[in-house]
Ligand code: SF4
């Protein structure tokens, strides 16, 4: 198969496996999604979903969040990795939303990435999942899988994002990145799994570098 055929095979297989793509992080608007995505770095979505109800009940908008002491935020999110750094970023970011953006989450990559604790991947998730703007957030699963499927050279996440955007139609980006994440979580967990049993690698996977 050439790259275009491989890409089509991935799209078709993932559409069969995951026709629905609910957003994994619980949220009620763009602000709560932004905070949840910021918190999800280096931890699981499950862990984030366990702490956000308490946090958002205490402060569910930028005004209430900016008024909290970072120490109180840290206490509420203490189960989440890097809580000291994230709690400071959450409070500061909320204040910036009030000062510079009328209390709204900005809708450009540039403005989002200028916020504390928000990198390109976080901004991409927010643009995609809060505002429906086509984006392709690349996490470790996506980076690894696109390499294993021979769709990128595995150099770095920036290259993987470029390749993903070139290979897959723009209209599919927002759904596809979630489908690949769901696939990675379901299939790439087992250490001694058999490549022949994987619905994608068994057909298009590279022969080397498998667990
Ligand atoms: S063969 Fe293994 S690593 Fe490759 S996609 Fe399937 S489950 Fe994941």
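Every number here is computed from the coordinates shown, using simple stated rules; none is lab data. The structure displayed is predicted, hence computed values, not measured ones. So basically every Cβ, Gly included, is an ideal-geometry build from the backbone, and we count neighbours across all protein chains shown.
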query: In whole angstrom, how far apart do the alpha carbon centroids of segment 1-56 and segment 85-131 sit?
result: 18 Å
- line: Quick note on 201, 188, ordering by fewest other C-beta atoms within 10 Å, gives 188, 201
message: Only counting other Cβ atoms within 10 Å, I'd like 194, 148 sorted with the fewest neighbours first.
response: 194, 148
statement: In nanometres, the difference between 0.36 nm per residue of separation and the alpha-carbon distance of residue 46 and residue 120 is 24.4 nm
- prompt: Can you list, bin by bin at 10 Å, the percent of alpha carbon pairs in segment 63-211, starting at 0?
  reply: 10, 31, 29, 21, 8, 1
statement: Ranked by GNM mean-square fluctuation in the chain (Cα springs under 10 Å), the top entry among 28, 40, 87 is 28
message: Just to be sure I understand the model, the point goes 7 Å from the Cα along the line to the Cβ. What's the resulting residue 111 to residue 196 distance in nm?
response: 5.6 nm
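Fully extended, how many nm does the chain gain between residue 20 and residue 131 (0.36 nm per residue separation, minus their Cα-Cα distance)?
Values: separation 111, 0.36 × 111 = 39.96 nm, distance 1.83 nm.
Length gained between residue 20 and residue 131: 38.1 nm.
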- prompt: Using alpha carbons only, how many degrees (0 to 90, rounded to 10) separate the axis of helix 120-129 from the longest principal axis of the chain?
  reply: 90 degrees
task: Rounded to the nearest 500, what is the 222 nm mean residue ellipticity of the chain from helices alone, with -39500 (n - 2.57) per DSSP H run of 4+ residues and division by all residues?
output: -17500 deg cm²/dmol
message: If I model a spin label at residue 82 and residue 1 as a point 7 Å from the Cα along the Cα→Cβ vector, what separation in nanometres do I get?
response: 3.4 nm
message: When the expected Rg is taken as 2.2 N^0.38 Å, what fraction or multiple of it is the alpha-carbon Rg of segment 30-129?
response: 0.95
Per-pair calculated FRET efficiency, R0 = 22 Å: residue 98 and residue 58 via Cβ, rounded to 0.05: 0.80
